[in-house]
Amino acid sequence: PLFRMSSASIDKFREAGRIAAHCRRFAAERIKPGVTIREVTEGIEAEIRRLGAEPGFPAQSSRNHVAAHYCSPPD
């Protein structure tokens with residue numbers, strides 16, 4: 001192969017996948033009437049940090065007619 005990943009790198013990808021799966025469930029449990037998208041996405045980012053990682057980019061959402069990569073406005 002042209003590129004071989006170390007077992008440590010593979011382990012980091014696996015951990016990132018576990019954190020992503022956890023945060024997807026975490027977010028789904030918080031989506032309720034009256035809760036803003038911003039509250040959910042900020043909660044996701046806080047949860048990622050609580051789990052010892054850092055978000056690669058701001059948490060974003062996709063809903064109804066709005067395409068993925070939607071970031072809520074500050075208000």
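The values are calculated or read from the model by the stated rules, or taken from the named source; none is laboratory data. Predicted, not measured: the structure shown is a model, and the values here were computed from it. Please note that ligands, DNA and RNA were not included when accessible areas were found on the heavy atoms of the full protein model with its side chains. Shrake-Rupley method; radii C 1.70, N 1.55, O 1.52, S 1.80 Å.
Quick look at the values:
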| quantity | calculated |
| --- | --- |
| Of (i) 1.07; (ii) 0.94; (iii) 1.52, the label for Rg/Rh (Cα atoms, Kirkwood Rh) derived from the coordinates | (i) |
| Residue 61 accessible area, assembled protein chains, probe 1.4 Å, Å² | 30 Å² |
| With Cα atoms, 0 to 90° folded angle of helix 7-30 axis to the chain main axis | 10 degrees |
| Within the accessible area of the chain (1.4 Å probe), percent carbon and sulfur | 58 percent |
| Three semi-axes of the equivalent ellipsoid, region 8-51, Cα gyration tensor, whole Å, largest first | 25, 10, 6 |
